[in-house]
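Accompanying notes for the structure given below.
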Amino acid sequence: MRAQTSCKGCVFAVKQVEAWDHIQEEQQTGCELYRSEKLGVCDTEEGSYVLQRFCNTYRPEEWLSELSLEEYKKRHQVALKEVVPRIGFLIILDTSKDTAEKLVAMKNLEKTIKDIKNQTLHQARYLMVVTDKTEYNTEIQEMLVNEFDHDKTLHHLIKVSEMPENKMFLVDECFRHAKNGWIYTTTSGESVDEELIEKINQRINVDMKRLSVVKPYDDFNGLLFSTPLFKMLNGNHKKAYEADDGELEFDGRPFLEKIEDMKDNTGETLITWEECNAS
């Protein structure tokens, strides 16, 4: 069952007084943020819309009363800024044969970090850099400290004994540092679209399209996923569930195979970057 939202009490609900047999009642006629048009109205309760889907910009009067005068004047922008997707970035430091020289490896890391730092709409929530080379630790830490304000963008250096053949398992290794929101996976030297956060925000908060996962453009790079979904499916590890007969069964498939079962008929929740950019 999909989550619905009642607009009752929301400061952005547009209402007008209507008279019925000499009785005046307030009836909702719209939304200042146009959410009712995009999410759809399935019912009305006590003069307020009931939206077909969850609305993340529902704001009660208490929220409005806590704003400063300047914030009140820009309350629409304040609410929309509050729901910008919080995205963390997972970067694997590539020290393979072609990038074994430390100078080359660090230059590649700097390139990818600059793309993340220069996001157009909002700063990255956090960064996780994974390496199997202890001798790189000092340079990595210095780069992270120099490039990011730790109060705004957390950063973690994660040491592994060796790089697994399937790099997707590094997501599980790093997930203990994850925050509620999204994670994007990449490798040092890869380009990251500087409008990535802006594009995802446009899709889920402006166009109001559903999204759970954007598939990687290769075996690892470019995967964007919802962290609550990854946790619910137990990532790339076995997921225990109760079968119809009450017996405990296990789904040992990797995360990307598990989510294939969760596609909805809209075709919006699980997409490629080509589909995301085209929309």
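In table form, for the structure just shown:
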{"item": "Long-range amide H partners of T44 with built H, under 5 Å", "result": "V50"}
{"item": "Dipole of the range 40-103 [Lys/Arg +1, Asp/Glu -1 at C-beta], most positive-end residue of G47, W63, I91", "result": "I91"}
{"item": "Local electrostatic count at Q119 - Lys and Arg +1, Asp and Glu -1, tallied over other residues with Cβ under 10 Å", "result": "-4"}
{"item": "Built amide H within the under 5 Å cut-off of L127, gap 5+", "result": "F89, L154, H155, H156"}
{"item": "Relative contact order, percent, the chain [alpha-carbon distance under 8 Å, six or more residues apart]", "result": "15"}
{"item": "Tilt relative to the chain, helix 137-147 - C-alpha long axis, 0 to 90 degrees, to 10", "result": "40"}
{"item": "Nearest-20 debye value, the chain charge dipole, Cβ charges on Lys, Arg, Asp, Glu", "result": "560"}
{"item": "Using θ = phi - 60° and Karplus 6.51 cos²θ - 1.76 cosθ + 1.60, couplings along the range 168-185 (whole Hz; Gly, Pro as x)", "result": "4, 5, 5, 4, 5, 4, 8, 5, 5, 8, 5, 10, 5, x, 9, 10, 10, 10"}
{"item": "Rounded to 5, percent antiparallel among DSSP beta bridges of the chain", "result": "55"}
{"item": "Partner aspartates and glutamates for K81 [C-alpha distance under 14 Å; skip if fewer than 8 residues away on the same chain]", "result": "E71, E198"}
{"item": "The chain, helix-only ellipticity at 222 nm - DSSP H runs n ≥ 4, -39,500 (n - 2.57), divided by all residues, nearest 500", "result": "-7000 deg cm²/dmol"}
{"item": "Förster radius 22 Å - calculated FRET efficiency between Q4 and Y241 (Cβ-Cβ, nearest 0.05)", "result": "0.25"}
{"item": "Inter-label distance for E173 and E142, nm, one decimal - labels placed 7 Å from Cα along Cα-to-Cβ", "result": "2.5"}
{"item": "Helix axis angle, 102-117 relative to the chain longest principal axis, alpha carbon, degrees", "result": "10"}
{"item": "Radius 14 Å from Cβ of E46, net charge of other residues (Lys, Arg +1; Asp, Glu -1)", "result": "-3"}
{"item": "Among the listed pairs K199/K231; K159/K238; K114/K263; K38/K73, those beyond 26 Å (Cα-Cα)", "result": "K114/K263"}
{"item": "Fraction of beta bridges assigned by DSSP in the range 29-156 that are antiparallel (%, nearest 5)", "result": "35"}
{"item": "Assigned charges on the beta-carbon of Lys, Arg, Asp, Glu; the range 5-82 dipole about Cα centre (debye)", "result": "500"}
{"item": "Other-chain or far-sequence residues with amide H under 5 Å of T187's (modelled H)", "result": "I92"}
{"item": "Signed unit charges on C-beta, dipole axis of the chain, positive-most listed residue L256, T153, L223", "result": "T153"}
{"item": "Packing-based order for 152-158, 141-147, 89-95, using average beta carbon neighbours within 10 Å, highest first", "result": "89-95, 152-158, 141-147"}
{"item": "Among E190, E198, E26: highest mean-square fluctuation, GNM of the chain, C-alpha pairs under 10 Å", "result": "E26"}
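We did not get these values from a lab; they are worked out from the coordinates using the rules stated. A quick note: this is a predicted structure, and the numbers were derived from the prediction, not measured. Heads up, the Cβs are rebuilt from the backbone with ideal geometry, glycines too, and the neighbour counts pull from every protein chain shown.
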